[in-house]
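Presented below is the structure to which this report refers.
The values are calculated or read from the model by the stated rules, or taken from the named source; none is laboratory data. Because the structure is a prediction, the values reported are computed rather than measured. Cβ atoms come from the backbone with ideal geometry, glycine included; neighbour counts cover every protein chain shown.
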Amino acid sequence: MNELDLRVSSDQLQAPVVTRSQVLVVGGGPAGVSAAVTAARSGATVTLLERYPTLGGLASGGMVLVLDDMVNGQDITVTGIVSEYVERLQMLGLAIVPPVEDRKTSTELWNKWSRYGTFDFHAHGLPKPICYAAAFDPDGWKRVSNDLVREAGVTLRLHSWFSRPIVDDGVIKGVICETKSGPQAYLADVVIDTTGDIDVASRAGASYIQDSYITTLVFRLGGVDTAEAERFEQENPKEGRAINRKIKRLLGGAWELWWLKTPIEGVVWCNAPHMSGYSGVDPADLTAAEFAARDRITEALAYVKENLPGFANAHLLDVAPQIGVRQTRLLEGEYVMTKDDVTSRRHFADTVARGRDYYYPYRSLLPKDVDQLLVAGRHYSATPEAQKMSREIPPCMAMGQAVGIAAALASENGVMVRDIEAADIQQGMRQHNADPGDIPSANATIDAGSVAAVETGA
């Protein structure tokens, strides 16, 4: 009997087996696309499942439209597939990146670039240093994601909402999704959870903790004369600050710059309103957050049109179809990263990906209780305090590449993912033009395990 004619029974739910691949990735956000494309480029057969009709997760559906946290000073530390995105978006005219000669600190450069969000947001005081970062268009991100997945030969299923894992004696074998055609099963040698909330891992029996942070419903405005708005703020700083403080109060929470320019003339994006007290995995809370955010947006826009020069003809262009959720469930994996790990720049012997100036050990991507399962993205194994400082999109993409390589190696060699050597993942990352973080920076804190590895020649 053909395997595709088989049916999987799980908790009395019958589901036809749709595909059988070496690697199955659940969640088509930045980490998921990175994992799927990298695993496919490594020679594995790959299936990617996504609940929404488009790829990109919070980068597109959530309209988080600046790629940042990928430089240490002026050194670019997060590379690989995120660099491909930036390059392809630039070729489409849908990404803005400060040129190398402008990546420095001055009032003139701050006035030129700050409204694109391309500055070091960790720096104190003003002007902040302009750095390598990218302001991009959400539909451009969807287009590049589609191209990368198609070119890599990934089997993609959109409109497929993860329902439950298929686990046999502590080993995950695949998942069941809900679709318009009913439940469907997808089997694989290795499963990668990139749902953002460890939906797969948590239901498969992996240990986790749960916490929350702010949620944000991003929106964009059209019809904005950004040149007039910037000129007013630069020539009337005190009055401009007062108006913007009022707007941020109406929104109920926003970063220092509540509006930023985009690659599209006259279109600005607003990373607001920020709202606390809502759970990103509770549908009742998410419903309430959507309504609360839209009420704030409506009130703030009315004030903006009347009071902020350059915004007189502004109109609500769109609101993100996905609410921005920053923290929900966090894996308790083989290693749980701490705030001190991040702030002290602790380097591990099994580092396989890096962020700005922090490092991810392979163990932080490995569940303790379920075999043949990997995770990547904002739900990686970390304390809530550590996660808040290390969950930006580019580092999540680096994690995705690392687990994509690990999954392909495990399937190809018929071994467990927890038995894959970090050195092999590091080598694979370099082959895919990504920095695995295996070489610590000068100001890194060397973990005792890293010291032992060096001393023994491991």
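Only one of these is in contact with an Asp or Glu (Cβ under 7 Å, 6 or more places away or on another chain), among the hydroxyl-bearing types (S, T, Y) and part of a loop (DSSP other than H, G, I, E, B): T54, T79, T105. Name it. Steps first, answer last, please.
Working: T54 fails: in contact with an Asp or Glu (Cβ under 7 Å, 6 or more places away or on another chain); T105 fails: in contact with an Asp or Glu (Cβ under 7 Å, 6 or more places away or on another chain).
Of the residues listed, the single one that is in contact with an Asp or Glu (Cβ under 7 Å, 6 or more places away or on another chain), among the hydroxyl-bearing types (S, T, Y) and part of a loop (DSSP other than H, G, I, E, B) is T79.
Could you pull out the residue among L286, L250, L221, L257 that is in a strand (DSSP E or B) and of a type in the set (A, V, I, L, M)? Spell out the reasoning first.
Working: L286 fails: in a strand (DSSP E or B); L250 fails: in a strand (DSSP E or B); L257 fails: in a strand (DSSP E or B).
So the residue among L286, L250, L221, L257 that is in a strand (DSSP E or B) and of a type in the set (A, V, I, L, M) is L221.
Report, by residue number, each residue of the stretch 57-113 that is among the small types (G, A, S) and over 29 Å from V26 (Cα atoms).
Going residue by residue through the stretch 57-113, those that are among the small types (G, A, S) are 57, 59-62, 73, 80, 83, 93, 95, 106.
Correct list: G73, G93, S106.
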- Message: If I filter the stretch 122-136 down to residues being surrounded by fewer than 24 Cβ atoms within 10 Å (Cβ to Cβ) and in contact (Cβ under 8 Å) with a residue 60 or more places away in the chain, which single residue comes out as farthest from S34 (Cα to Cα)?
- Response: H122
- Message: For the stretch 23-64, which positions are of a type in the set (G, A, S), at positive phi and more than 10 Å from the chain's Cα centre (by Cα)?
- Response: G27, G43
- Inside the stretch 200-218, can you point out the residues that are under 19 Å from the mean Cα position of the chain (by Cα), surrounded by 24 or more Cβ atoms within 10 Å (Cβ to Cβ) and not in a strand (DSSP E or B)? V200, A201, L217, V218
- Query: Which condition number in (1) surrounded by 21 or more Cβ atoms within 10 Å (Cβ to Cβ); (2) at pLDDT below 95 is the one that G253 fails?
  - Reply: (1)
- Task: Please determine, by comparing only the residues of the stretch 66-101 that are closer than 17 Å to P436 by Cβ and small (G, A, S), which one is surrounded by the fewest Cβ atoms within 10 Å (Cβ to Cβ).
- Result: S83
- Note on the structure: Of the residues in the stretch 144-193, those that are of a type outside the set (D, E, K, R) and part of a strand (DSSP E or B) number 25
